[in-house]
1. Which entries in 40/106; 53/108; 43/73; 73/113; 53/113 show an alpha-carbon gap greater than 22 Å?
2. Read phi for every residue in segment 75-85 and hand back ³J(HN,Hα) as whole Hz from Karplus 6.51 cos²θ - 1.76 cosθ + 1.60, θ = phi - 60°, with x for Gly and Pro.
3. What ranking do 18-24, 2-8, 67-73 get when scored by the average of other Cβ atoms within 10 Å per residue, highest first?
Amino acid sequence: MAIGWFDDLAEAELYFSDERLETEAWDELDNDSPLFQKNKVLKQAYNRLYYSKEFILPTYAEADSDDLVILRKANGEMAYYLALQLGEDRRKGLQAQGVIEAGVVKEKYDSSKLYDTPIPQFIRDLLCQYLAGDEGVHFGAVDLARSEDESVNTKVHNY
């Protein structure tokens, strides 16, 4: 059964062993219940990317083989980020309460980033072809080679 854009956990493990130099945060998920934790972080990574307003991504079933090459990398990298940043929910919770500086740990939060979903830049770079909005794929009319002398901008109706 698919986990995010990976066929299964074995394929995700292969990604980490073959493509990622640093895997410590992923490997540490083995300590308690490896299937449970790794499956969860892969699903959470998929959900964060799939439901992001920044991208229009295909589901596992909709993705073709070219899509899956990119989506698996993004899924793996997002999973690694989440494994590495296990305290991220606490920080976002502080931001939601309006805290802009945590004195004990000397962290400062940018109040303008409150509504931003944390996604590392490398993952955004991987998914640039799936961008939503103005940055994504555009649709429009263009001039084509044809037997008429009119351009695409010529009005051809009588309203």
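Since every read-out is calculated from the coordinates, none of them should be taken as a lab result. Bear in mind that the values here come from a model prediction, so they are computed numbers and not experimental data. Cβ atoms come from the backbone with ideal geometry, glycine included; neighbour counts cover every protein chain shown.
1. Too far apart for the 22 Å limit: 40/106; 53/108; 73/113.
2. 4, x, 5, 5, 4, 5, 4, 5, 5, 6, 10
3. 2-8, 67-73, 18-24
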